[in-house]
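S.K.: Would you mind keeping the following structure in view while I ask a few things?
What follows draws every value from the coordinates through simple rules; no lab data is involved. Predicted model only: the values in this text are computed from it and were never measured. Note: ideal-geometry Cβ built from the backbone for every residue, glycine included; neighbour counts use all protein chains shown.
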Amino acid sequence: LDHQRLADLSERNLFNQESSDLLYLFGYELVEEGLYTLGVPVLKRAALLFPNEERVLTELAHIYEQLKLYGEGKKCLLQSPDLVETSFMPRYLVAFYSLMTGDLQEAIDWFAGLPQLLMRIPIESRDSYAYMYGNISHMITRGKLLEPHTPLDSYDLLGWNGVINGNVVLHRSEFGMEFMGGRYAFYQESCPQLFSCIHSLRSLLSDLSISPQRILSLPDRDSRILSYIAAKFFQCPVEILSEATCSLPGLITCYSSDFIDSEGFDLLSEACEGQVFWCHASNWTQGSIAPDFISYFAQCASPPWGKRIGLDEKITDHSDEKPPTITKEPLEGSAEHIADTLYQTYEAEPIEDTTQTKKLARILFSDGNFFHTKRTRSNQWADSPVSSQSFSFN
């Protein structure tokens, strides 16, 4: 953090609070340092003094987006209706924020004027704007397709995730929607629960007439163990995803989106013919690359073979308010050996009803060539119209 630079800008703004350049620059620097809440009053002051200055309004909207206050971002932009009517970026943001606040029809209305505004941008500068336009165009299309078949209300995690990210979620938290919106904060899953997710995935892929030729595992240990387990259900071999294998058809398997590093992102960015990407545990608070299928959302997921916290079985008196716990060490051995041991030891829990997820999958992947053509994978957005608490884990 360049403290001196921020201090100088702060001092200059104290004596000249009506300079558009100074206010914008100060707010921008605060945003660049991640000091979003400090940037709000600075840019709100700039927006009050210069209500039609696009860079000020879009930077303020960006702060609200980072704070997941999409309604506030939309409100600040709509204070300058002429700008939203005549400029691509403000109109794009209003359409996107309408989606993120759960208003599909409003998003459709604002989207309607975007093609004309895109064409006004000089062709040499148009590529990045065209990419944004393509993203929201896909969202709108998916929204129109899904709306007749799913509520798209403030509790519809599966439906809205399909609209925003274009993927299918297999499981919602059994603890309800009130605080976490069907997600987990910390999830310490069991083998039967994990096996149930694989059963559900296999059922969905079968319904889509997809039979993986191989499992392509991300290289981290948890993904490799998961891949060897999945291979037993799908009865196919496992290969590690690499530059040499990333163009092969198969089921790409990732235990947690937290394990996707920059190299993995590069390998996953282009979906090749015959590839399906399954991320078992997706951390919805951190943007990543969008898979085709997600088992569940969790900020922190602990696999059955990892280090775990459990009750001390030697102590039978649990009358204390806080029951005695012990830390269980992770299983040792090769990924293949651990997978084989767990597969032979446990059985799946009863499989969840997949009627709705199958319906959503058929709609989202209604193009029979979806998994048979090369395509660019989009980003997984770090939020949704279905609100949730989030936590900090040390």
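S.K.: Each residue of region 213-230 in order: what ³J(HN,Hα) in whole Hz does its phi give by Karplus 6.51 cos²θ - 1.76 cosθ + 1.60, θ = phi - 60°, with x for Gly and Pro?
M.R.: Calculated HN-Hα couplings, in order: 7, 7, 9, 9, 8, 4, x, 5, 4, 4, 5, 5, 5, 4, 5, 5, 5, 4 Hz.
S.K.: Please report the antiparallel percentage of the DSSP beta bridges confined to the chain, to the nearest 5.
M.R.: On the way: 8 of 30 bridges.
Bridges in the chain are about 25 percent antiparallel.
S.K.: Shifting gears a bit: In percent, what relative contact order does region 154-380 have, based on Cα pairs under 8 Å that are 6 or more apart in sequence?
M.R.: Details: 401 pairs, mean separation 64.7, N = 227.
Once divided by the residue count of region 154-380, the mean separation gives 29 percent.
S.K.: Right, next: Structure shown: which of 74/358; 44/144; 68/144; 232/358; 44/68; 232/307 lie over 27 Å apart, alpha-carbon to alpha-carbon? It would help to have the intermediate numbers written out before the result.
M.R.: Details: 74/358 34 Å; 44/144 35 Å; 68/144 24 Å; 232/358 23 Å; 44/68 17 Å; 232/307 24 Å.
The pairs that break the limit, which is 27 Å between Cα atoms, are 74/358; 44/144.
S.K.: Per residue, how big is the convex hull of region 154-380 when only Cα atoms are used? Give it in Å³. Display every interim value, and only then the final one.
M.R.: Details: hull volume 30.7 nm³, N = 227.
Roughly 135 Å³ of hull volume per residue.
S.K.: So what is the relative contact order of the chain, in percent, for Cα pairs below 8 Å that sit 6 or more residues apart?
M.R.: Taking the mean separation of contacting Cα pairs over the length of the chain, I get 16 percent.
S.K.: Could you give each residue of region 79-84 its phi-based ³J(HN,Hα) in whole Hz, using Karplus coefficients 6.51, -1.76, 1.60 with θ = phi - 60°, and x for Gly or Pro?
M.R.: 5, 10, x, 4, 5, 5
S.K.: A further question follows. Quick check: pseudo-label points 7 Å beyond the Cα along Cα→Cβ at residue 118 and residue 149, how many nm apart are they?
M.R.: Placing both labels 7 Å along Cα→Cβ, they lie 2.5 nm apart.
S.K.: At residue 233 and residue 82, where each label point lies 7 Å from the Cα along Cα→Cβ, what is the point-to-point distance in nanometres?
M.R.: 5.9
S.K.: Here's another thing I want to ask about it. If you take the charge dipole of region 154-380 about its Cα centre, with +1 on Lys and Arg Cβ and -1 on Asp and Glu Cβ, which of 274, 255, 327 is farthest toward its positive end?
M.R.: 274
S.K.: Also, I was wondering about something else. Pull out a ≥ b ≥ c, the square roots of the eigenvalues of the alpha-carbon gyration tensor of region 76-190, then state rounded if a/c is under 1.5, prolate if not and a/b is larger than b/c, and oblate in the remaining case. Write out the running numbers ahead of the final one.
M.R.: Working: a/c = 2.41, a/b = 2.18, b/c = 1.11.
Taking the square roots of the gyration eigenvalues as a ≥ b ≥ c, region 76-190 is prolate.
S.K.: Quick check: convex hull over the Cα atoms of region 46-90, volume per residue in Å³, rounded to an integer?
M.R.: Values: hull volume 2.7 nm³, N = 45.
In region 46-90, the Cα convex hull volume per residue is 60 Å³.
S.K.: If amide hydrogens are placed 1.01 Å from N in the peptide plane, which non-local residues have theirs closer than 5 Å to the one on residue 168?
M.R.: The answer is 293, 294.
S.K.: Counting only C-alpha contacts under 8 Å and six or more residues apart, can you give the relative contact order of region 232-291 as a whole percent? Don't skip to the end; give the middle numbers.
M.R.: Values: 62 pairs, mean separation 23.7, N = 60.
Averaging sequence separation for qualifying contacts and normalising by length gives 39 percent for region 232-291.
S.K.: Could I ask something else about it? Sort region 336-394 into rounded, prolate or oblate with this rule: let a ≥ b ≥ c be the square roots of the eigenvalues of the Cα gyration tensor; rounded if a/c is under 1.5, and if a/c is not under 1.5, prolate when a/b is larger than b/c, oblate otherwise.
M.R.: On the way: a/c = 1.64, a/b = 1.19, b/c = 1.38.
Oblate, since a/c reaches 1.5 and b/c is not below a/b.
S.K.: Can you list which of the chymotrypsin sites (Phe, Trp or Tyr not before Pro) found in region 167-261 are DSSP loop residues with at most 15 other C-beta atoms within 10 Å? Mind dumping the intermediate values first?
M.R.: Details: sites: 175, 179, 184, 186, 187, 195, 228, 233, 234, 255, 259; in loops: 175, 179.
For chymotrypsin sites (Phe, Trp or Tyr not before Pro) across region 167-261 that sit outside H, G, I, E and B with at most 15 neighbouring Cβ atoms in 10 Å, the list reads 175, 179.
S.K.: When a/c is below 1.5 the answer is rounded, else prolate if a/b is larger than b/c, else oblate, so apply that to region 3-146 with a ≥ b ≥ c taken from the square roots of the Cα gyration tensor eigenvalues. Could the numbers behind the result be given before it?
M.R.: Numbers: a/c = 2.22, a/b = 1.90, b/c = 1.17.
Cα axes put region 3-146 in the prolate bin.
S.K.: Only Cα pairs within less than 10 Å get springs; with that Gaussian network setup on the chain, which residue of 118, 77, 152 has the largest fluctuation?
M.R.: 118
S.K.: I need the Kirkwood Rh of the chain: take the reciprocal of the average 1/r across all distinct C-alpha pairs and report it in angstrom.
M.R.: Values: mean 1/r = 0.0429 Å⁻¹.
Answer for the chain: a Kirkwood hydrodynamic radius of 23.3 Å.
S.K.: Still on this model: Provide the FRET efficiency to the nearest 0.05 for the residue 344-residue 203 pair, computing r from the beta carbons and using R0 = 25 Å. Walk me through the intermediate numbers first.
M.R.: Numbers: r = 22 Å, r/R0 = 0.89.
E(calc), rounded to 0.05, equals 0.65.
S.K.: Now, a different point. Could you sort 333-341, 38-46 so that the peptide with the highest average Cβ count within 10 Å comes first and the rest follow in order? Working shown, then result.
M.R.: On the way: 333-341: 15.9, 38-46: 20.8.
Result, highest mean first: 38-46, 333-341.
S.K.: Still on this structure, please answer the following. At 0.36 nm per residue, minus the direct Cα-Cα distance, what do residue 19 and residue 109 gain on full extension? Give it in nm, one decimal, please. Please list the in-between numbers first.
M.R.: Values: separation 90, 0.36 × 90 = 32.40 nm, distance 3.52 nm.
My answer for the length gained is 28.9 nm.
S.K.: Taking amide hydrogens as modeled 1.01 Å from N in the peptide plane, which residues meet the under 5 Å criterion relative to residue 289, leaving out close sequence neighbours?
M.R.: Under 5 Å from the amide H of residue 289: 380.
S.K.: Same structure, new question: Could you check the simple spin-label distance between residue 328 and residue 372, using points 7 Å along Cα→Cβ, in nm with one decimal?
M.R.: 4.5
S.K.: Can you list residues whose amide H is under 5 Å from residue 298's amide H, if they're 5+ apart or on another chain and H is modeled 1.01 Å from N?
M.R.: For residue 298, the qualifying residues are 184, 282, 283, 284.
S.K.: Right, something else. Give me the distance between the Cα centres of region 238-263 and region 60-100, rounded to whole Å.
M.R.: Centre-to-centre distance over Cα atoms comes out at 36 Å.
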